[in-house]
Structure formats: structure tokens, C-alpha cells
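Student: Provided herewith is a single structure, encoded as C-alpha cells, for subsequent inquiry.
Bear in mind these aren't lab numbers, they're just calculated from the coordinates by the rules spelled out. Quick caveat, the model's predicted, so the values are computed rather than measured. Neighbour counts run over all protein chains shown; Cβ positions are idealised from the backbone, glycine included.
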């Protein structure tokens with residue numbers, strides 16, 4: 001659906017735009033929201049990461065259009081890497097091989113149409129795009145940028161949230177209270193606590209292993225959502241979308257030879 005304040009399809013959102021709009025204002029940069037479908041504590045929808053990624057991408061693109069940029073927001077990819085969460089009901093996992101194939105096909109399609117800049121707006125911490133982007137960029141010659149939205153404005157998050165959490169905590173719950181409060185059942189939320197790892201040396205900097213999620217986070221949350229509010233979510237959303245818009249505007253107007261766009 002188009003924006004409630006819009007009288008016509010949004011030309012910067014591919015699911016709404018018609019061919020006449022796209023021909024009249026050909027996009028120079030594509031934005032691909034990429035989320036995941038997984039449990040988010042007991043109070044947030046399984047589609048939380050998709051809702052966030054799509055909303056941020058569309059709002060940022062709208063801001064970028066106001067600055068004379070020419071973005072096009074692609075339909076969101078709703079599945080991500082959830083290999084350690086397969087014991088959670090209806091949590092959908094796609095492999096790295098599948099993600100590579102999806103990204104490769106999207107990039108190839110854009111390249112054939114003369115769109116050589118792509119922003120992946122990532123909404124899921126389990127998605128690791130770096131090796132995929134290296135391969136796809138080399139094969140398609142697309143200039144690909146990845147934005148993990150929650151990393152973008154750490155000073156803003158620190159100012160707004162006492163304890164943001166990294167999964168269905170105060171930050172994500174506040175965002176959803178702003179974006180779709182009807183889907184938030186805050187009264188059902190768990191505390192988002194974590195069980196301590198028995199193998200203490202695996203917590204050292206530079207040492208990593210995937211978390212067996214449901215064993216480490218019994219309610220599937222990571223971070224206490226109790227202090228979340230729609231007002232906090234609105235303030236954070238505005239800051240994040242403005243920052244993403246800045247990236248889109250710069251990329252849309254970039255010319256070949258402007259490092260690292262070569």
C-alpha cells in the first residue's frame with residue numbers, strides 16, 4: 001500500500017511504482033531491505049527484522065528523494081541465517097549458499113538495467129554479507145554497500161536507550177511500538193536474560209562461536225524491553241533514517257572515480 005499521505009504510488013518503492021514512473025525518473029541506486037523470520041522474545045512479531053528493514057529503507061529513500069536522489073527500494077528479503085534457532089516454532093533459515101544466490105541474481109538483474117549501485121539495508125544480526133558482497137561485486141561489477149542499521153548511530157542509541165539489548169530488547173521494542181504498536185504484546189515479554197557460558201574462554205575478545213540461541217536466551221530475547229516506548233522508537237527511527245538517507249544521497253549522486261566507487 002502507498003503511504004497514507006500519498007495521493008499516488010511512491011515512485012521510489014518498487015512494489016508500488018509503475019513503469020511510467022520508473023522510466024521518467026530512472027533510479028541510480030537500489031536499496032534492498034534484508035531481514036529474517038524468527039522469534040523475538042514473547043512479545044514481538046516473527047517479522048520484526050523485516051518490518052524494521054523495510055520501514056527504514058522506505059523512509060530513508062523518501063528523505064533522499066527530497067534531496068534530489070534517485071533511489072528505488074526493492075521488495076524485502078524476509079529470510080536470513082537462523083541456523084542456531086531451528087528449535088523455535090516457524091523460524092525460517094536460509095543457508096549462506098541460498099543468500100549468495102539471491103544476492104547474485106538481484107545484482108545481475110540490476111547490472112543489466114544499468115543500475116550499478118546497491119545498498120543492502122540489513123535488519124538481522126545473523127546475516128553476514130561481507131564474503132557474499134566481495135564475490136558478487138567482483139562478478140557483477142556492482143558497487144555494493146551494506147548498512148547494519150543498529151550500528152549506524154551508536155551515540156544516538158546510547159543517548160536514547162539505557163540498555164538497548166541486541167534482540168527484542170529496549171531498542172527493537174521501541175522501534176516496533178513506533179512502527180506497528182498493534183503487533184506488540186509488551187505484557188507478554190520475558191526479561192531477555194542470558195545464561196552464563198560455562199566455557200569462559202569463549203567469551204574472550206577475538207574468540208567466537210555461534211550461540212545455541214534458545215539455551216543461552218531462554219525467552220529468545222537478549223536485553224530487557226521493559227523500558228521501551230514509542231517516543232524512544234520515534235526519535236531513534238528519525239535519526240537512523242536520516243543517516244541512511246545521507247548514504248543514499250551520496251551514492252545516488254556519485255560519479256565513477258570517486259573512491260571507493262571506481
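Student: Using a Förster distance of 41 angstrom, determine the FRET efficiency expected from the C-beta separation of residue 188 and residue 112, and round it to 0.05.
Tutor: 0.30
Student: Follow-up. With springs only between Cα atoms under 10 Å apart, run a GNM on the chain and tell me which of 245, 57, 137 wobbles the most.
Tutor: The residue with the greatest mean-square fluctuation here is 137.
Student: Here is a further query. Would you please give the FRET efficiency between residue 148 and residue 234, computed as 1/(1 + (r/R0)^6) with r the Cβ-Cβ distance and R0 = 25 Å, to the nearest 0.05?
Tutor: Computed FRET efficiency for residue 148 and residue 234 comes out at 0.75.
Student: Using a/c under 1.5 as the rounded threshold, could you call region 1-83 rounded, prolate or oblate? The axes a ≥ b ≥ c are square roots of the C-alpha gyration tensor eigenvalues, and prolate needs a/b larger than b/c, oblate otherwise.
Tutor: Prolate.
Student: Add -39500 (n - 2.57) for each DSSP H run of 4 or more in the chain, then divide by its residues: what number comes out at 222 nm, to the nearest 500 deg cm²/dmol?
Tutor: Value at 222 nm, helices only, nearest 500: -11500 deg cm²/dmol.
Student: Turning to a different aspect of this structure: For the pair residue 199/residue 83, report the inter-label distance in nm, with labels modelled 7 Å from Cα in the Cβ direction.
Tutor: For residue 199 paired with residue 83, the spin-label model returns 1.5 nm.
Student: Out of 109, 229, 174, any idea which swings most in a Gaussian network model of the chain, alpha carbons joined below 10 Å?
Tutor: 109
Student: OK, next. In whole Å, what is the distance between the alpha-carbon centres of region 72-143 and region 20-49?
Tutor: Each part reduced to its Cα centre gives a spacing of 12 Å.
Student: Residue 97 versus residue 250, label points 7 Å from Cα toward the beta carbon: distance in nm?
Tutor: A separation of 3.8 nm, rounded to one decimal place.
Student: Going 7 Å from the Cα of residue 135 in the Cα-to-Cβ direction, what parts of region 92-122 have a backbone nitrogen less than 13 Å from that spot?
Tutor: 95-105
Student: Specify whether the C-alpha gyration tensor of region 178-262 places it in the rounded, prolate or oblate class, a ≥ b ≥ c being the square roots of the eigenvalues: rounded for a/c under 1.5, otherwise prolate if a/b is larger than b/c and oblate if not.
Tutor: It is oblate, given that a/c is not under 1.5 and a/b is not larger than b/c.
Student: How far, in degrees from 0 to 90, does helix 170-179 lean away from the longest principal axis of the Cα atoms of the chain, to the nearest 10?
Tutor: For 170-179 against the chain, the angle is about 50 degrees.
Student: Moving on to the next point. Among 76, 59, 227, whose mean-square fluctuation peaks in a Gaussian network model of the chain (Cα, cutoff 10 Å)?
Tutor: Most flexible of the set in this elastic network: 227.
Student: Apply the a/c threshold of 1.5 to the C-alpha gyration tensor of region 67-178 and tell me whether it is rounded, prolate or oblate.
Tutor: Judged from the Cα gyration tensor, region 67-178 comes out oblate (a/c at least 1.5, b/c at or above a/b).
Student: Turning to a different aspect of this structure: Find the relative contact order for the chain and round it to a whole percent, using C-alpha pairs within less than 8 Å whose residues are 6+ positions apart.
Tutor: 23 percent
Student: What is the helix-to-structure angle for 130-140, meaning the angle in degrees between its Cα long axis and the longest Cα principal axis of the chain, kept from 0 to 90 and rounded to the nearest 10?
Tutor: 20 degrees
Student: Here is a further query. I need to check one value: relative contact order of region 180-229, counting alpha carbon pairs closer than 8 Å and at least 6 residues apart, in percent.
Tutor: 51 percent
Student: Nearest 10 degrees, 0 to 90: what angle lies between the long axis of helix 230-253 and the longest principal axis of the chain (Cα atoms)?
Tutor: It works out to around 40 degrees.
Student: Full extension from residue 7 to residue 211: what is 0.36 nm times the residue separation minus their Cα-Cα distance, to one decimal in nm?
Tutor: 68.8 nm
Student: Also: Between residue 105 and residue 258, 0.36 nm times their residue separation minus their Cα-Cα distance comes to what?
Tutor: Fully extending the segment from residue 105 to residue 258 adds 52.5 nm.
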